[in-house]
Amino acid sequence: MALDMTPEQREIGKANFDRSVQELANPPAGRPGMTRRTFMQGLMAAGAAVPLSAAAYFGYGQLHGKPVKAALIGAGDEGGVLVGEHNPDYLQFVACCDVRPSNKRRIFEGEPGSGAPGALWRKGFNRVYGHDALKIRWYDDYRRLLEDKDVEMVVIALPLHLHAPVAIDCLRAGKHVLCEKLMARTVSQCKEMIRAADQADRLLAIGHQRHYSLLYAQAVELINSGVLGEVRHIRALWHRNMLPERDGWRKAIPSEDRSALSAERVRELGYRSIEELCHWRIYRRTGGGLMAELGSHQLDASSIFLGKVHPLAVTGVGLKCYYNDNREIEDHVYCTFEFPGKNYRPDVPLRAANGNPNYNHTVAVTYSSISTNGFESYGECVMGTKGTLVVQNENEALLYPPAFTGRSTSVTVTTQPSGQPALDSWGSGPAPAAAAQTGGRPGAPGVYSRGYREEMEHMAYCIRMREQGMSRDREDLRPRCHGRAAMADAIIALASNNAFQSQRRETFDETWFQDGAALPEWDRTILLPEA
Ligand SMILES: NC(=O)c1ccc[n+]([C@@H]2O[C@H](COP(=O)([O-])OP(=O)(O)OC[C@H]3O[C@@H](n4cnc5c(N)ncnc54)[C@H](O)[C@@H]3O)[C@@H](O)[C@H]2O)c1
């Protein structure tokens, strides 16, 4: 994410972030005007860089009652990550459904991560449950699984086109649902999922795991404290060097799948070919392209950084310029989003006339996802008038003053006479008093959980607390990435696809993001004919 940094500059950036977060959480006693922030009180051990308990930060505790009995539908790569990350004290898998024999074997046996940044070990049921893994009931038709009365909650890690139909069936069968992102293939499907959850009075969560990442939570706290000044630009990206021979979206199909899945069986499952089943991401009917698979994560983060706002418009370029195969999705995408800034006024038309000052209150978020070059990997760079924050690979954050020369500058948070926190920098000289008081650079940065474990723990916690009569209206007893929040991420990704496919500037209508029937015009054209 940070183009040309030396290792020393990176270390300075990491230390700056850790120190500033720590300063905000634990301001030295007697600092004039500094109101002690409750947001991280009790969560940060004095002198520690990482809050002690993610559960406490996200507002849940130990589970009261038995672990929630869960089923996994879709035991592929991501299903394996979720099995590897779940905490059996909160949620126990008692059933599983998939159609590929190779993935049935793998979900039990597990496998190491890919070696890519942040890739997680897939432990497999055998390692997590030992002998008890034999008790996990296996289904090759998810509808049969829904008759399993023992199952309280379903975790869906299926190809995108199946998210809505399967989630809706699960909700109607009385199961709580945690479905992987992107929420659905169309906006209308997202709205149906939300309605189904409301009607069944079941919880619906979508797996944008950054909602449960402490690293992101700290970054948001830092931005909200105002120390970055006015944020006028976010540069977000996910770059990969996916040479055709190691394109993870078009992996060789194991012979055991080819021999077990006849053409008739594949059609019965709703796929046009075994390639469409195994390489679903590269076809428009079954996948949503780079914006759905990757961009939705960065735009989710950018919207949160800017105050959980929705974008106003998007323009973009999407190219299929690299892979010489039958894929239908773009392999390079570049988008520019216009987001409302702090002084943006929704009541003033964005482009009433040339020079409309309201237009100048927008914030540009640029996003690129390319398949030919992995330089910079993935993350977001938040650029404010007083500071620059880089969050990369879901495992580290760097903080600098805004000037180019600031890369070698140490900073910490101090208090202005107004009582507002601000970044205070020093070059190579002695540290300001505040940094010295907290020991200057804190210890080595912690290892951050990406949030998968916490999203499952919190879901189980909400289920049990609601059963025990806790008010359903309590904000902390619903998943942080609930249906309505996740629908916004889906709309952003799908609208971007439409912008570069139609080659025009796509404006967002606020009613799309609300309950009710309003849908984008392009939503009807997304669904391609059935297999
Ligand atoms: N949150 C994240 O960071 C993240 C990361 C990767 C993937 N994902 C999401 O997870 C989901 C799954 O992705 P993946 O990488 O695991 O894909 P995958 O192809 O590895 O796994 C999908 C599985 O679904 C199974 N399946 C397909 N049709 C089925 C049917 N009708 N019944 C039962 N099983 C069926 C396939 O056999 C396969 O095992 C996608 O929505 C993807 O976007 C999320």
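Looking across region 131-144, the residues that are within 9 Å of the ligand (Cβ to nearest atom) and not in a strand (DSSP E or B) come down to 140, 141, 142. Checking each residue of region 339-349 against the condition of being within 19 Å of residue 379 (Cα to Cα) and part of a strand (DSSP E or B) gives at least one match. When region 137-184 is filtered for residues that are within 16 Å of residue 208 (Cβ to Cβ) and in contact (Cβ under 8 Å) with a residue 60 or more places away in the chain, the ones remaining, listed by number, are 155, 156, 157, 160, 178, 180, 181, 182, 183, 184. Is it true that residue 264 is of a type in the set (Asp, Glu) and away from the ligand (no atom under 14 Å from the Cβ)? When the stated conditions are applied, residue 264 passes them. Considering every residue within region 186-195, establish whether at least one is within 26 Å of residue 477 (Cβ to Cβ), touching a Gly at 6+ places or on another chain (Cβ under 8 Å) and within 16 Å of the ligand (Cβ to nearest atom). Yes, region 186-195 contains a residue that is within 26 Å of residue 477 (Cβ to Cβ), touching a Gly at 6+ places or on another chain (Cβ under 8 Å) and within 16 Å of the ligand (Cβ to nearest atom).
Of everything listed in (1) in contact (Cβ under 8 Å) with a residue 60 or more places away in the chain; (2) over 20 Å from residue 453 (Cα atoms); (3) not aliphatic (A, V, I, L, M), the single unmet condition for residue 86 is (2). For region 427-434, the condition of being within 22 Å of residue 9 (Cβ to Cβ), touching a Phe, Trp or Tyr at 6+ places or on another chain (Cβ under 8 Å), at pLDDT 55 or above and surrounded by fewer than 19 Cβ atoms within 10 Å (Cβ to Cβ) holds for at least one residue. Evaluation of residue 166 against the conditions (1) over 22 Å from the mean Cα position of the chain (by Cα); (2) over 30 Å from residue 382 (Cβ atoms) shows that the sole unmet condition is (1).
Rundown of residues vs (1) within 16 Å of the ligand (Cβ to nearest atom); (2) buried (at least 17 other Cβ atoms within 10 Å of the Cβ); (3) among the hydrophobic types (A, V, I, L, M, F, W, C), yes/no style:
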position	(1), (2), (3)
287	yes, yes, no
291	yes, yes, yes
294	yes, yes, yes
303	no, yes, no
312	no, yes, yes
324	no, no, no
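Here 408, 449 are screened, and the one residue that is polar (S, T, N, Q), buried (at least 18 other Cβ atoms within 10 Å of the Cβ), more than 17 Å from residue 26 (Cβ to Cβ) and at pLDDT 80 or above is 449. The test for being at pLDDT 95 or above and more than 16 Å from the ligand (Cβ to nearest atom) does not hold for residue 169. In region 103-114, the residues that are over 11 Å from residue 76 (Cα atoms) form Cβ pairs under 6 Å with partners that are within 13 Å of the ligand (Cβ to nearest atom) and part of a loop (DSSP other than H, G, I, E, B), at six or more places apart or across chains, as follows: 113/119; 113/120. Of the residues in region 214-222, at least one is among the hydroxyl-bearing types (Ser, Thr, Tyr), within 16 Å of the ligand (Cβ to nearest atom) and within 22 Å of the chain's Cα centre (by Cα). Selection of region 369-393 for residues being more than 18 Å from residue 219 (Cα to Cα), of a type in the set (S, T, N, Q) and out of contact with any helix residue (DSSP H, G or I) (no Cβ under 9 Å at 6 or more places or on another chain) yields 372, 373, 377. Output the residues belonging to region 450-500 that are in contact with a Phe, Trp or Tyr (Cβ under 6 Å, 6 or more places away or on another chain) and either under 17 Å from residue 204 (Cβ atoms) or assigned to a helix (DSSP H, G or I) (or both). Listed by number, the residues that qualify are 454, 455, 457, 458, 460, 461, 488, 491, 498. Would you check if residue 1 is modelled with pLDDT under 95, part of a loop (DSSP other than H, G, I, E, B) and touching a Cys at 6+ places or on another chain (Cβ under 9 Å)? Yes.
On inspection, residue 248 fails the criterion of being on the phi > 0 side of the Ramachandran plot and at pLDDT below 95.
The values are calculated or read from the model by the stated rules, or taken from the named source; none is laboratory data. A quick note: this is a predicted structure, and the numbers were derived from the prediction, not measured. Here the Cβ is made from the backbone with ideal geometry for all residues, glycine too, and neighbour counts use every protein chain on show.
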